[in-house]
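The values are calculated or read from the model by the stated rules, or taken from the named source; none is laboratory data. All values derive from a computational prediction rather than experimental measurement. Here the Cβ is made from the backbone with ideal geometry for all residues, glycine too, and neighbour counts use every protein chain on show. Quick note on the areas: whole protein, heavy atoms, side chains included, nothing else; ligands and nucleic acids left out. Shrake-Rupley method; radii C 1.70, N 1.55, O 1.52, S 1.80 Å.
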Number of protein chains: 2
Amino acid sequence: MSNIEALPLLEPTTQAVVPCCPPLTERPMTAEEAETAARMFKALGDPVRLRLFSAVASHPGGEACVCDISDVGVSQPTVSHHLKKLKEAGLLVSERRGTWVYYRVESSVVAAMGQLLTQGPAAA
Amino acid sequence: MSNIEALPLLEPTTQAVVPCCPPLTERPMTAEEAETAARMFKALGDPVRLRLFSAVASHPGGEACVCDISDVGVSQPTVSHHLKKLKEAGLLVSERRGTWVYYRVESSVVAAMGQLLTQGPAAA
């Protein structure tokens, strides 16, 4: 039974990608939009987590595993913990290959966050 | 003596604007850059604060006072508290006019945050 789990299946690319939200300058956010977006911002609101995120985002090939990240000054379990948090927030997706879990940036989500901070003429 | 304070001087537009940071996909962030940027993301990592930020950002004229914001479902002191937090994070600037303090978005800081989330070809 349990050997099904051992098959090298691709983990489904968590398709709960939120098309959140309009540029902040366009209109006030609804409570629901703010919940979604705040969760993503909060995930980046920790210096270590942000460094890890940028380490993954800037890694050659656009993906990295815990084994690639060693220069942030925290232990490997801590790195794993933070990467998991970033995944839960929808900012990273992961795929297991052999021993390691590889992470890459969920670019549509990051693009949505960037879009949110795009400024219209109103705030010029 | 104290009437100097009553003069309608423009509050200096807090020029501690941080040119933080390169796009996340460009290179891993340094510890210092991550500290700065995480502080800004953290400020937006609260749903109420995010709604208030978008209320200010999208308000006609690009600025708003507490008196303009009433539909977020929290009390006026709570609104003031959150706006102050956003100011401390460098995301809003304020100016007192008569009874009210007016807030507007510090567009260079928000632009820097947007820039941070800009994705290079590496993450495509």
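The residue that is nearest to the chain's Cα centre (by Cα), counting only those in the range A:46-60 that are within 7 Å of chain B (Cβ to nearest Cβ) and within 15 Å of B:T30 (Cβ to Cβ), is A:F53. Scanning the range B:89-108 for residues that are under 9 Å from the mean Cα position of the chain (by Cα), outside any helix (DSSP H, G or I) and small (G, A, S) yields a count of 2.
Those helices (runs of 4 or more DSSP H) of the range A:30-88 in which 2 or more residues are surrounded by fewer than 18 Cβ atoms within 10 Å (Cβ to Cβ), at pLDDT below 95 and on the phi < 0 side of the Ramachandran plot occupy A:31-43, A:76-88. The numbered conditions (1) open to solvent by 50 Å² or more (accessible area, probe 1.4 Å); (2) closer than 14 Å to A:L117 by Cβ; (3) β-branched (V, I, T) are all true for B:V110 except (1). Please work out if B:G90 is facing another protein chain (nearest Cβ under 9 Å) and either among the small types (G, A, S) or out of contact with any helix residue (DSSP H, G or I) (no Cβ under 8 Å at 6 or more places or on another chain) (or both). It is false that B:G90 is facing another protein chain (nearest Cβ under 9 Å) and either among the small types (G, A, S) or out of contact with any helix residue (DSSP H, G or I) (no Cβ under 8 Å at 6 or more places or on another chain) (or both).
Within 11 Å of chain A (Cβ to nearest Cβ), among the hydrophobic types (A, V, I, L, M, F, W, C), in a loop (DSSP other than H, G, I, E, B) and crowded, with 19+ Cβ neighbours inside 10 Å: does that describe B:L24?
Details: within 11 Å of chain A (Cβ to nearest Cβ): yes; among the hydrophobic types (A, V, I, L, M, F, W, C): yes; in a loop (DSSP other than H, G, I, E, B): yes; crowded, with 19+ Cβ neighbours inside 10 Å: yes.
Yes, satisfied.
Those residues that are among the polar types (S, T, N, Q) and away from every other protein chain (no Cβ under 14 Å), I need them from the range A:68-87; list them, please. Those that are among the polar types (S, T, N, Q) and away from every other protein chain (no Cβ under 14 Å): A:S75, A:Q76, A:T78, A:S80. Checked against (1) crowded, with 20+ Cβ neighbours inside 10 Å; (2) among the hydroxyl-bearing types (S, T, Y); (3) not in a strand (DSSP E or B), B:T118 passes all but condition (1).
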